[in-house]
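Reviewing the structure listed below.
The values are calculated or read from the model by the stated rules, or taken from the named source; none is laboratory data. Just so it is clear, the model here is predicted, and its values are computed rather than measured. Heads up, the Cβs are rebuilt from the backbone with ideal geometry, glycines too, and the neighbour counts pull from every protein chain shown.
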Amino acid sequence: IDYTEGQGWHDGRLTAYGPLTLDPATSVFHYAQELFEGLKAYRQENGSIVAFRPYANASRFNISARRMAMPEVPEETFVEALELLVQTDRDWVPSTEGHSLYLRPFMIATQVGLGVNYPSKSYRFMVIGSPAAAYFAGGVKPVSVWLSQDYTRAAPGGTGFAKCGGNYAAAFVAQRQAVENGCDQVVWLDAFEHRYVEEMGGMNLFFVFGDRLVTPDLTGTLLAGITRDSLLTLAADLGLAAEERKISIDEWREACASGELTEVFACGTAAVITPVGSVKGVEGGWTIGDGAPGPVTLRLRDELMGIQYGTRPDPHGWVHKIC
Ligand code: PMP
């Protein structure tokens, strides 16, 4: 669907997947005015195809759009586009356990011209999809993380809370550093002291102190994960106390050493819930618990996946039936 200033959204259409033809001077190529979302469609036990909280993605998309000076997409249009795509072929959604159809709505600035006379006056919103297996090859195997001391992902007033490509482009070098140091993922720290935990490359983080959860608060520099939000609700349902607050790497290290911090996990649409087993990048690093997935991590994972795949009740109405 296209947007033109003065006209609004027009020409919604369903087309066969294939290359786009764009002028080399299209503004998105030069000034990165673009943003995206990521969510999944699941095949439930009863055969229904559902999307998980698509209106939450639509709402976050528009929060990103406002930050990037782009037009908002009406939530109904956003969800209808997902529905139309999935309905073209319901067999597209895998039936293998733990598999799903990953959906990628995105928007690009399409005005042609090299002058930085922006924002663009025209945009295109599109949705593509791709069948997805488990995110990490090891399944629920704990991941190792690298605390990034050399790079910053987001600073106050920046675009950290928006799901725009520039955030990810700037993160590649730190992710490469993590891999070069034998770690799976980078953990971003605050911009000023490199001391407070923010999030991972594509996931939010939770710290488990026995039966108490702590997750970094949304200060504007990290993405408000929909999985994070769902887990805060599920934790309350399960009688687990959950706090949103700052957590420093010193607290992380010391609470691991004292045994008070028993589990750490990362969460996101792609990775679901993945335990964090070890940390590197500061003072030689440390391990969390015995390095194996802990009971709280597994309990929350089971609960969330149960709702997504329809094997557990959905008390919060998160599952949206597509067909
Ligand atoms: N942080 C970042 C930077 C991400 O890219 C993602 C994935 N969208 C998340 C956190 C987790 O968000 P969600 O639970 O909505 O997938």
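Of note, residue 151 does not satisfy the criterion of being within 16 Å of the ligand (Cβ to nearest atom) and outside any loop (DSSP other than H, G, I, E, B). Scanning the range 257-270 for residues that are of a type in the set (A, V, I, L, M, F, W, C) and either more than 14 Å from the chain's Cα centre (by Cα) or surrounded by 20 or more Cβ atoms within 10 Å (Cβ to Cβ) (or both) returns 257, 261, 264, 265, 266, 267. Looking at the range 1-96, the helices (runs of 4 or more DSSP H) lying wholly inside it that each contain 1 or more residues that are of a type in the set (S, T, N, Q) and within 25 Å of residue 112 (Cα to Cα) sit at 27-31, 54-67. Restricting attention to the range 30-43, the residues that are closer than 30 Å to residue 88 by Cα and away from the ligand (no atom under 16 Å from the Cβ) total 2. Every condition in (1) loosely packed, with under 14 Cβ neighbours inside 10 Å; (2) in contact (Cβ under 8 Å) with a residue 40 or more places away in the chain; (3) within 16 Å of residue 45 (Cα to Cα) holds for residue 100 except the one numbered (1).
Here residue 105 meets each of (1) at pLDDT 95 or above; (2) in a loop (DSSP other than H, G, I, E, B); (3) closer than 26 Å to residue 87 by Cα; (4) not hydrophobic (A, V, I, L, M, F, W, C) with one exception, condition (2). Is it the case that the range 111-119 has a residue that's over 20 Å from the mean Cα position of the chain (by Cα) and surrounded by 19 or more Cβ atoms within 10 Å (Cβ to Cβ)? Checked against the condition, which is being over 20 Å from the mean Cα position of the chain (by Cα) and surrounded by 19 or more Cβ atoms within 10 Å (Cβ to Cβ), the range 111-119 yields at least one hit.
Checking 26, 4, 77 one by one, the residue that is of a type in the set (Ser, Thr, Tyr), touching a helix residue (DSSP H, G or I) at 6+ places or on another chain (Cβ under 9 Å) and either assigned by TED's automatic domain parsing to the domain that holds residue 225 or farther than 22 Å from residue 268 by Cβ (or both) is 77 and no other.
Of the residues that make up the range 150-163, is at least one within 18 Å of the chain's Cα centre (by Cα), of a type in the set (D, E, K, R) and at pLDDT 95 or above? Yes; the residues of the range 150-163 include at least one that is within 18 Å of the chain's Cα centre (by Cα), of a type in the set (D, E, K, R) and at pLDDT 95 or above.
Going through (1) more than 30 Å from residue 311 (Cβ to Cβ); (2) in a strand (DSSP E or B) one by one, residue 127 falls short only on (1). Within the range 203-249, take every residue that is more than 14 Å from the ligand (Cβ to nearest atom) and in a helix (DSSP H, G or I) and give me the one that is nearest to residue 297 (Cα to Cα). Only one residue tops the list, namely 235. Within the range 263-291, being within 16 Å of the ligand (Cβ to nearest atom) and hydroxyl-bearing (Ser, Thr, Tyr) holds for 269, 274.
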